[in-house]
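Colleague: The following block contains the structure, expressed as C-alpha cells.
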Amino acid sequence: MQLGVCYYPEQWPRAMWADDARRMAELGITHVRIAEFAWSRLEPRAGEFVWEWLDEAIDTLANAGLKLVLGTPTASPPKWLIDAYPEVLPVRADGVRWNFGSRRHYDVSSEIYRRECVRIVTAMAARYGRHPSIVAWQTDNELGCHDTVPSYSDAAVARFHAWLQRHYETIDALNEAWGNVFWSMEYSSFDAIGLPNLTPTDANPIHLLDFRRFVSDEVTSFHREQIEVLRVHAPNADLLHNFMGFFTTFDHYRFAADSAIDVAAWDSYPIARTESIALPEEQKARFARTGHPDVSAFDHDRYRGIGAGRFWVMEQQAGPVNWASWNPVPASGMVRLWAYEAFAHGAELVSYFRWRQCPYAQEQMHSGLNLPNNELSPGGVEVQRVAREIAGSVALSTLAAPAGAATALVFDYETQWMFEIQRHGKGFDYQTLVFDYYEALREIGLDVDIVSSHADFSGYRLVVVPSLAVIDHALVKQIARSDAQWVFGPRSGSKTGAFAIPGDLPPGALQRVLPIQVLEVETLRPMLAPALIIEGVQGSALHWREHVRANGETRVVARFDDAWPAVLTLGNVRYVAGWLSHELHRKVLQTAARDADLETQLLADGLRIRQRGGLTFAFNFGAQAVEAPAPRDAVFVIGGPSLERGDVCIWKEA
Ligand code: GAL
C-alpha cells in the first residue's frame, strides 16, 4: 500500500524542485511520475535532445529517496513535428482534421508518427533505462482519450485494407462473411473498401465491427512498439500504461496480453466519472460529492483482471477537477476514503494527480495535493493522514494481495462494440447493464472479480454474465463441467462473430446447456414497461425484453404480466430475458448466490464492503450515518463501526 504523485518539474522553477521532493517524501509519498507531456522540452528541435534538466529533476527526486515512474512523452507531439508532418494529425468521423494546440493530436495509424515515437522512446530509454531509481515506465498517456481514436485518415484506410486481407485472405470470403450481397455492397478488391463513416444511412454492422476490431489492434500495436524498446533498455522496470475508467475503445484484455504489461494502471476520478456516465439524474445528484459507491470499485475490479493481476491507480482525484459538466468539491473524507477503497480492491499504489495545482493553461482549475501557492490542499491533508495511518499500522503496512473472489462478473469488449453499433433502442448500453449487475452484487455484500469470457472459471461459485454477444463452444464446455451457478442476461448468444443472428436463433451455443430460443426481441420506450414480480419484489423490464420459448426440461421461474418468461433455468444455468429494474436484478442474484451457497446481506444505502488479506474494509458513500456490519468482537484496525458520510473502517475478525 504505497502512495504516489504526478509531478511536472518542467512547469515549475528549478529552485522549487528540491523543496518539492523533500515535502513529497515527508508526506509519505514513495513514487513520482514525471515527463509524460515533456516532449517539447526534451527535443525542442528535430533531433536536438536536451536531457540536462530531466537529469537534474530525476536526481533531485531520487536523492530525496523517491522512486520514479518515467512517462514516454508521445501523447503530446511538439509543434515542429506537426509542422514537418501535418498528416500525423488525426481525422474525425466527419472528415475534419484535428488541430494542434492541446494534446493527443496524433493518428495511431500514422507510420510516420510511429517512427517518431520509437525514436524518442529509444533515446529516452537508452539514457534512463537502467537508472536505479526509475522503477517503472508509463507508455504514452491514456491511449484513445479525447476521441482521437479512431482516426478516419488515409493512413488508417491503408492499414485497414492490410488488416482485412490478413483476416479474410480473399475478397470473396470477405463479401460472403459481411453479407455484401445486401444493398449491392459487394467489393472487387480490398483496396476498394472505405472506412464506415459518412454513409447516408447505417453502414453494414460487420464493417463497423471489423473497423472497431482493427482500431483496437492499432492501439495495441502502437503501444507494443514502445514496449519492445523499453524491454530492451529498461529490463528491470515495471512497464505499464494508464487506462481510463468506463473506457472501451480498445480490448484491454488483448492489449495487456499482447504487450505483456507488468501492471495495469488506471486513472480514477470518481466524482467526474459519476457525472459523465449514463446514471439516472437522481443518483448523480445523490453522489455528487462522493462519487457513486461502485464507480471506482468497478474499474478497480476490472483492471485487477487485466493482464498479470497487479494494478495501480496512476492518477487519483485529490479534490475538484476541471473536466466534467459540474465539478464539485469532494465531501470531507472522500480523498482518504478513495485511497483505502483502491487498496481494499488490491491496488499496490495510489498516485495522486497532481502535486500542485498549475495556475496557468488548460488545467488551472484542477486541484492537486497543494494549492497554487504551495500550501497543502484539503485533499493533501487527507493524503497526509492516510500516509500516517498506514505507516502506523502493522496490519496495513504488511497487507497481503487480495485472494480471488467467489463471484465472477464477465465483461466483454466485443459485446460493448456490437451493442454500441446496434443499440436497437435508445436506452441499451451494455456497460451500463454490466454496471447495474455489479452494483447489485456489491449491495448484497459480495466481492467480485471482473474477468474476460475466456477466463478459467473453475474457482468461482457464482458467474454472472450480464450479456455476451457471442457465446463460443469453449465457454459452453466450461459451463457444462462447472458446478457454479451461472446467470446470463439478455442478448447473450445473440450474434455470431460475423455479426449475424445464429442459425438456430439466440442464445446460440448456450442452448446446449440451457435449451431455450429467443423468438423476437423488443426495445422499450420509457413508458412501455412489462411488469413482473419475483419472490415478492415488484418491477418491470426496462430498455429491452425478449420473447423466449422454453424447450426440453427448461423451467420458467418468473413471468412478465403478459405471460412471456422472464427468468428461465435448467440445472445451474439461469437466463434473464430482459433488462430488469434494479431491485429485480438484485433479487435474481440473491437467489443465485443462495443456490451457490454464498452468504449475502443487504447493506445499508451507500455502504460498501470489501475483503483483503483477512481484513474487511467498509466505506460510507451515503448521506446518512450507518453501522458497518462488523461482528461484535471485531478488532478495528482503522475507525469503528459507526460511519458518517466519507468515513472508512477496517477490521479483522477476532
Ligand atoms: C487525465 C490525464 C491527466 C490530466 C487529468 C485531469 O485524464 O491523464 O493528464 O489531464 O486527466 O483530471
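The values are calculated or read from the model by the stated rules, or taken from the named source; none is laboratory data. All figures in this text were calculated on a predicted structure; none of them were measured in a lab. Cβ: placed from backbone, ideal geometry, glycine included. Neighbour counts: every protein chain shown. What goes into the accessible areas is simple: the full protein's heavy atoms, side chains included, and nothing from ligands, DNA or RNA. Shrake-Rupley method; radii C 1.70, N 1.55, O 1.52, S 1.80 Å.
Colleague: Using beta carbons and a limit of 6 Å, which pairs, at least six apart or on different chains, have the first residue in the stretch 435-453 and open to solvent by 10 Å² or more (accessible area, probe 1.4 Å) and the second one assigned to a strand (DSSP E or B) and of a type in the set (S, T, Y)?
Modeller: What qualifies is L446/T407.
Colleague: Test each condition in (1) away from the ligand (no atom under 16 Å from the Cβ); (2) polar (S, T, N, Q); (3) touching a strand residue (DSSP E or B) at 6+ places or on another chain (Cβ under 6 Å) for S268 and report the one that comes out false.
Modeller: Going through (1) away from the ligand (no atom under 16 Å from the Cβ); (2) polar (S, T, N, Q); (3) touching a strand residue (DSSP E or B) at 6+ places or on another chain (Cβ under 6 Å) one by one, S268 breaks only (1).
Colleague: Next question, about the same structure. Which count do you get for residues in the stretch 623-654 that are free of Cβ contacts under 8 Å to residues at least 60 places away in the same chain and closer than 22 Å to R385 by Cα?
Modeller: 11
Colleague: When the stretch 1-11 is examined, which residues are found to be within 16 Å of the ligand (Cβ to nearest atom) and assigned to a loop (DSSP other than H, G, I, E, B)?
Modeller: Within the stretch 1-11, Y7, Y8 meet the criteria.
Colleague: Continuing with the same structure: Which residues, taken from the stretch 98-134, are hydroxyl-bearing (S, T, Y) and free of Cβ contacts under 8 Å to residues at least 40 places away in the same chain?
Modeller: The one that is hydroxyl-bearing (S, T, Y) and free of Cβ contacts under 8 Å to residues at least 40 places away in the same chain: Y113.
Colleague: Also, I was wondering about something else. Of all residues being within 25 Å of the chain's Cα centre (by Cα) and assigned to a loop (DSSP other than H, G, I, E, B) in the stretch 229-251, which is surrounded by the fewest Cβ atoms within 10 Å (Cβ to Cβ)? Just the residue, please.
Modeller: F246
Colleague: Follow-up question, since we're still on this one. Which residues, taken from the stretch 258-275, are at pLDDT 95 or above and part of a helix (DSSP H, G or I)?
Modeller: Across the stretch 258-275, the qualifying residues are P270, I271, A272, R273, T274, E275.
Colleague: Could you check the stretch 329-367 and list, in sequence order, the residues that are away from the ligand (no atom under 14 Å from the Cβ), part of a loop (DSSP other than H, G, I, E, B) and within 23 Å of the chain's Cα centre (by Cα)?
Modeller: H345, G346, A347, E348
Colleague: Moving to a separate point now. Just to be sure I understand, how many residues within the stretch 530-541 are out of contact with any helix residue (DSSP H, G or I) (no Cβ under 7 Å at 6 or more places or on another chain) and surrounded by fewer than 17 Cβ atoms within 10 Å (Cβ to Cβ)?
Modeller: 4
Colleague: May I pose another question? Sort out which residues of the stretch 195-214 are free of Cβ contacts under 8 Å to residues at least 60 places away in the same chain and surrounded by 14 or more Cβ atoms within 10 Å (Cβ to Cβ), and write them in order of number.
Modeller: L195, P196, A203, N204, H207, D210, F214
Colleague: Just to be sure before I move on: is P378 away from the ligand (no atom under 16 Å from the Cβ), open to solvent by 30 Å² or more (accessible area, probe 1.4 Å) and in contact with a Pro (Cβ under 9 Å, 6 or more places away or on another chain) in the structure I sent?
Modeller: The answer is yes for P378.
Colleague: If a residue has to be buried (at least 21 other Cβ atoms within 10 Å of the Cβ) and in a loop (DSSP other than H, G, I, E, B) to count, how many in the stretch 12-39 make the cut?
Modeller: Number satisfying all stated conditions: 4.
Colleague: Give me the pairs: first residue in the stretch 293-310 and open to solvent by 10 Å² or more (accessible area, probe 1.4 Å), second residue among the aromatic types (F, W, Y) and not in a loop (DSSP other than H, G, I, E, B), beta-carbon distance under 8 Å, and six or more apart or on different chains, which are they?
Modeller: That search, which allows pairs on different chains as well, returns R304/F311.
Colleague: Right, here's the next one. Would you mind finding the one in W17, W39 that is more than 16 Å from the ligand (Cβ to nearest atom) and either over 26 Å from S393 (Cα atoms) or in the same structural domain as R115 (by TED's automatic domain parsing) (or both)?
Modeller: Being more than 16 Å from the ligand (Cβ to nearest atom) and either over 26 Å from S393 (Cα atoms) or in the same structural domain as R115 (by TED's automatic domain parsing) (or both) holds for just one of W17, W39, which is W17.
Colleague: Which of (1) out of contact with any strand residue (DSSP E or B) (no Cβ under 7 Å at 6 or more places or on another chain); (2) away from the ligand (no atom under 16 Å from the Cβ); (3) within 30 Å of S452 (Cβ to Cβ); (4) at pLDDT 95 or above is the odd one out, the single condition A403 does not satisfy?
Modeller: Only one criterion in (1) out of contact with any strand residue (DSSP E or B) (no Cβ under 7 Å at 6 or more places or on another chain); (2) away from the ligand (no atom under 16 Å from the Cβ); (3) within 30 Å of S452 (Cβ to Cβ); (4) at pLDDT 95 or above is unmet by A403, namely (4).
Colleague: Further, regarding this structure: Of all residues in the stretch 75-111, how many are within 16 Å of the ligand (Cβ to nearest atom) and either under 30 Å from D202 (Cα atoms) or surrounded by 15 or more Cβ atoms within 10 Å (Cβ to Cβ) (or both)?
Modeller: Qualifying residue count, the stretch 75-111: 7.
Colleague: Where in the stretch 380-483 are there helices (runs of 4 or more DSSP H), lying wholly inside it, with at least 3 residues that are within 28 Å of T523 (Cα to Cα) and touching a helix residue (DSSP H, G or I) at 6+ places or on another chain (Cβ under 8 Å)?
Modeller: 413-421, 430-443
Colleague: Still on this model: Collect the residues in the stretch 132-184 that are in a loop (DSSP other than H, G, I, E, B), farther than 30 Å from G65 by Cα and open to solvent by 50 Å² or more (accessible area, probe 1.4 Å), keeping them in residue-number order.
Modeller: Y152, E169, T170, V181
Colleague: Strands (runs of 3 or more DSSP E) wholly in the stretch 542-654 with at least 3 residues that are open to solvent by 30 Å² or more (accessible area, probe 1.4 Å) and not assigned by TED's automatic domain parsing to the domain that holds F428 - which ones?
Modeller: Those strands (runs of 3 or more DSSP E) span 635-638.
Colleague: Report yes if A297 is closer than 18 Å to Q624 by Cβ, modelled with pLDDT of 95 or more and either assigned to a loop (DSSP other than H, G, I, E, B) or more than 16 Å from the ligand (Cβ to nearest atom) (or both), otherwise no.
Modeller: Answer is no for this residue.
Colleague: Would you confirm, using the coordinates I've provided, whether R114 is of a type outside the set (A, V, I, L, M, F, W, C), part of a helix (DSSP H, G or I) and either open to solvent by less than 10 Å² (accessible area, probe 1.4 Å) or away from the ligand (no atom under 16 Å from the Cβ) (or both)?
Modeller: Against the criterion (of a type outside the set (A, V, I, L, M, F, W, C), part of a helix (DSSP H, G or I) and either open to solvent by less than 10 Å² (accessible area, probe 1.4 Å) or away from the ligand (no atom under 16 Å from the Cβ) (or both)), R114 qualifies.
Colleague: When you go through L61, L89 one by one, which is the residue that is touching a strand residue (DSSP E or B) at 6+ places or on another chain (Cβ under 7 Å) and free of Cβ contacts under 8 Å to residues at least 40 places away in the same chain?
Modeller: Result: L89 is the single residue among L61, L89 that is touching a strand residue (DSSP E or B) at 6+ places or on another chain (Cβ under 7 Å) and free of Cβ contacts under 8 Å to residues at least 40 places away in the same chain.
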